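The values are calculated or read from the model by the stated rules, or taken from the named source; none is laboratory data. These figures come from a predicted structure and were not determined experimentally. Because the Cβ atoms are built from the backbone with ideal geometry, glycine has one as well, and the counts that use them run over all protein chains shown.
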Number of protein chains: 2
Amino acid sequence: MFELSKAAIHAWIRERRASYEARLRTLVEIPSISMDPSHHDDMQKCAAEAARMIQEFGGTAEVRQTKGFPCVTGAFVSDPKFPTVTIYNHLDVQPAGGPEWQREPFRMTIDGDRYYARGATDDKGPALTALYAARYARENGLPINVRFLWELEEEIGSPNFESFLSGAAAEVPTQSVLVSDTIWVKRGKPAVSAGLRGLQSATLTLETGSKDTHSGLTGGAARNPLTELAAVLAACVDAKTGKVKIPGFYDAVIKPTKEELAHFKASGFSVAAFKQAHGLKKLRTNDALDVMKRIWAEPTFEVHGIVGGYQGPGVKTAVPPRAEAKISMRLVPNQSPKKALALLTKHVKKLNPDVKIHAESGLEPYRGVTTGELAQAAVDAITFGFGTKPAFVREGGSIGAVVTMRKLLKAPVMFIGLSLPEHGYHAPNEYFDWGQVEGGVPAMVAYFAKIAQR
Amino acid sequence: MFELSKAAIHAWIRERRASYEARLRTLVEIPSISMDPSHHDDMQKCAAEAARMIQEFGGTAEVRQTKGFPCVTGAFVSDPKFPTVTIYNHLDVQPAGGPEWQREPFRMTIDGDRYYARGATDDKGPALTALYAARYARENGLPINVRFLWELEEEIGSPNFESFLSGAAAEVPTQSVLVSDTIWVKRGKPAVSAGLRGLQSATLTLETGSKDTHSGLTGGAARNPLTELAAVLAACVDAKTGKVKIPGFYDAVIKPTKEELAHFKASGFSVAAFKQAHGLKKLRTNDALDVMKRIWAEPTFEVHGIVGGYQGPGVKTAVPPRAEAKISMRLVPNQSPKKALALLTKHVKKLNPDVKIHAESGLEPYRGVTTGELAQAAVDAITFGFGTKPAFVREGGSIGAVVTMRKLLKAPVMFIGLSLPEHGYHAPNEYFDWGQVEGGVPAMVAYFAKIAQR
């Protein structure tokens, strides 16, 4: 008979700290950057290593190819009659490097309880934590089956996940889906996400010539693609307020309910801690509830980079032949990426018909639940693991796979996130910390135990 | 007694073609990029090689240090009683490289009559042409002294030229200043510039954070420096018309006279040839006179590059911590760089007080003459050298040294330019061609002969 004991789980995972660190090192030192075509081989290598780790723990695992990068599927099936929890994580990472990185991004540095490396917190550290929790459950006779779905295209919008899962879903009956790729309100204050923003990113390109020209010789008559793109961007968003100016953009937005706003207010969110964690000087607003609404429950239009022209020292006075703006829109329930893209396209084409729009994969926003048996199981599990009751918030980021899994696995998706704001998702000097592993393993085991009782 | 014979000069320069090419190769293969601090040693090397060439031709030459990069001064003084022509050129070049370059920018490729390399036409080829003309004059007993002023900071706005020349001007009495750094209307149609645009360039920087942040986690609340800079730029210039929106910007502008417009119309300028030479698809206007006014006689506001955020493949959805826009304003008589910078600063600070403005050196616009003995001498000299009468136009580019020389050398400045629009000032695949040397040497000798008769 399985007995849920925090002391026992703590003792077990502490004994395995060196093995956890070694496996984390193996994973983070493979630069599995899905966005960068030059890392094609690393994606396969990362998938193979991850599958091997599941097998080493006594599970079955496969690297399943898609039209893009593979998915790793794994399973600890003790008895087909037991209920099944499917755990989703992703093993691809954001690009990394540049002067802000104080350490090599793809070498793991251990500094006390901290594990520095790109991918440490997003999402390799949490993935491994879930794997250890599943191993504990299996070794200790918890009547549950655990399956793993480890994607390698999350950071590029999961373009092949839906077609992959629609083929594989039938093999993976599941009672509950657990996602561990979300972030706490702050250190010491866990969160359960009751929603995710969606995403539609795109590049806007404008070509007006074929080569750099001397601005003295052509300036005034020549079109300047940087100037024209700046005008388009300024007409898409009010830079001061963040208000999106694309006609119709807000039409489908569902505002958070009173109950949700009450959860936000009670979450322990602090503007000062938020600014500190992300290194932000001034925000668009200093009101805590307004900040929470903006990052969790309102859509955005962001410019992520403008390519074209001169990037070196000084001012090279050339009119460039082309320019590209990298933009994204975060979307909230019930906006749709397809509709947002159509509205953007219509608006941009009206502003400047020569701008070409290349869309990346769109991600649907997700609206979860804050009530019911599974939501309560997540709350209880986190409270068990960390000794603190989590807040119901929303996640401002996007996980494309969530909406797909809800649809194809026909099971509710719950979030037990282990990352902290200061861990630096997508930021330089990303890290993860041992305390989140030590609390995360018992939290997940507790969740499994609750599902096992159903 | 000196006799001006085109046939004799042609024969002389053709005999020296290989020596011209070897010297041009020596100069262009030194990457004397004044804008890039990593080329510090190349600047000194280029100055030393250039001084050596003047000495090899029998002149005196010195590399004179300034607070920045040196000036090369040289002289062929036959008799102090003879009149003196001072020839200005510059030996520094624009940055070069990138996928648009079909050849190594700092290796000279000879393709028939063409010499491909960064700096071939701007301005090392014309500088060498003037040196050969001076050598011809000296070897053939023309009663003239020729002095050289070769700057190495033209491409960064001549920040030290004025202080250098105010120290050196007394040693360099001169009757005429000749500048060979301007461009023809088109191949086969020479031009004499009766004015230059001035220039004020600057970087606008905005820092809102200390590191990249995940746009899902901070987007909506975090300020986006790219978005804010795009709004500032859009409020500085109408991207479609090119009209500058900075209040007071046009106040001092003197419109071209009727006579000047008549010269423009008669210049042989062709919109199709202009587009072809610069590889431009569509212009802001298709009216030839309007194009000429825009590039020669009207001021501009250009964006040359926007640094910050993600530049790699795909869309990395980070909100960057800082962004920088590289901009310039071309100025026309009687605008002043100082005033333009003050107006820009006031406008930008009002739009966004957090934007920091770092100004580069300002260059005054120059208004020359189209009548009088020296203007006629330039017209006659070019007609002699190339068999075609030049048009009086203006130069849309800026040469900071011109206003300084007019003031400190107390002598009129005339322009005998040898570059063609398709040579690609500041553009990839820059080249110069032999035909411009073969016509340029007799043109300059003819100009010397005219000054000698005064």
What single numbered condition from (1) modelled with pLDDT of 95 or more; (2) β-branched (Val, Ile, Thr); (3) surrounded by 24 or more Cβ atoms within 10 Å (Cβ to Cβ) fails to hold for B:Ile399?
(1)
Among the numbered conditions (1) farther than 30 Å from B:Leu363 by Cα; (2) within 11 Å of chain B (Cβ to nearest Cβ), tell me where A:Asp212 comes up short.
(1)
Select from segment B:198-226 the residues that are assigned to a helix (DSSP H, G or I) and among the hydrophobic types (A, V, I, L, M, F, W, C) and write down the one among them that is farthest from A:His426 (Cα to Cα).
B:Leu226
Note: among B:Leu229, B:Leu261, just one is more than 7 Å from chain A (Cβ to nearest Cβ), under 26 Å from the mean Cα position of the chain (by Cα), within 30 Å of B:Leu343 (Cα to Cα) and not in a loop (DSSP other than H, G, I, E, B), namely B:Leu261
So, in segment B:319-346, how many residues would count as being of a type outside the set (D, E, K, R), in contact with a Pro (Cβ under 9 Å, 6 or more places away or on another chain) and under 30 Å from A:Met329 (Cα atoms)?
4
Being over 30 Å from B:Asp122 (Cβ atoms), within 13 Å of chain B (Cβ to nearest Cβ) and of a type outside the set (Lys, Arg) is the requirement here; does A:Ile382 meet it?
no
Find the residue count for segment B:74-104, including only residues that are acidic (Asp, Glu) and under 21 Å from the mean Cα position of the chain (by Cα).
1
Of all residues being more than 8 Å from every other protein chain (Cβ to nearest Cβ) and more than 24 Å from A:Val244 (Cβ to Cβ) in segment B:232-249, which is surrounded by the most Cβ atoms within 10 Å (Cβ to Cβ)? Just the residue, please.
B:Phe249
List every residue pair whose Cβ atoms lie under 9 Å apart, where the two residues are 6 or more positions apart in sequence or sit on different chains, the first residue falls within segment B:424-447 and is without any contact (Cβ under 8 Å) to a residue 60 or more places away in the chain and assigned by TED's automatic domain parsing to the domain that holds B:Ile110, and the second residue, located anywhere, is crowded, with 23+ Cβ neighbours inside 10 Å and of a type in the set (Gly, Ala, Ser).
B:Gly439/B:Gly385
Those residues of segment A:87-133 which are surrounded by fewer than 24 Cβ atoms within 10 Å (Cβ to Cβ), β-branched (Val, Ile, Thr) and in contact with a strand residue (DSSP E or B) (Cβ under 7 Å, 6 or more places away or on another chain) amount to A:Thr109
Could you identify the single residue in B:Val332, B:Val291, B:Val303, B:Val307 that is within 8 Å of another protein chain (Cβ to nearest Cβ) and either acidic (Asp, Glu) or crowded, with 24+ Cβ neighbours inside 10 Å (or both)?
B:Val303
Is it true that some residue in segment A:418-426 is within 14 Å of another protein chain (Cβ to nearest Cβ), in contact with an Asp or Glu (Cβ under 7 Å, 6 or more places away or on another chain) and farther than 18 Å from A:Lys189 by Cα?
yes
Restricting attention to segment B:1-39, report how many residues are of a type in the set (D, E, K, R) and part of a loop (DSSP other than H, G, I, E, B).
4
Can you find a residue in segment A:191-204 that is among the basic types (Lys, Arg) and either over 30 Å from B:Arg118 (Cα atoms) or more than 7 Å from chain B (Cβ to nearest Cβ) (or both)?
yes
Residue list for segment B:170-190, filter: more than 7 Å from every other protein chain (Cβ to nearest Cβ), hydrophobic (A, V, I, L, M, F, W, C) and touching a residue at least 40 places away in the same chain (Cβ under 8 Å):
B:Val172, B:Val177, B:Leu178, B:Val179, B:Trp184, B:Val185
Might you let me know whether segment B:105-117 holds any residue that is within 13 Å of the chain's Cα centre (by Cα) and closer than 21 Å to B:His40 by Cβ?
no
Given the conditions (1) over 30 Å from B:Thr205 (Cα atoms); (2) modelled with pLDDT under 95, and given that A:Gly385 satisfies all but one, which numbered condition is not satisfied?
(2)
A:Trp296, sole failed condition from (1) surrounded by 21 or more Cβ atoms within 10 Å (Cβ to Cβ); (2) within 8 Å of chain B (Cβ to nearest Cβ); (3) touching a strand residue (DSSP E or B) at 6+ places or on another chain (Cβ under 7 Å)
(2)
Scan B:Gly98, B:Gly119, B:Gly68, B:Gly112 and give me the residue that is within 27 Å of B:Ala378 (Cα to Cα) and of a type outside the set (Lys, Arg).
B:Gly119
Restricting segment A:405-454 to residues that are polar (S, T, N, Q) and more than 12 Å from A:Phe386 (Cα to Cα), the residue that is surrounded by the most Cβ atoms within 10 Å (Cβ to Cβ):
A:Ser419
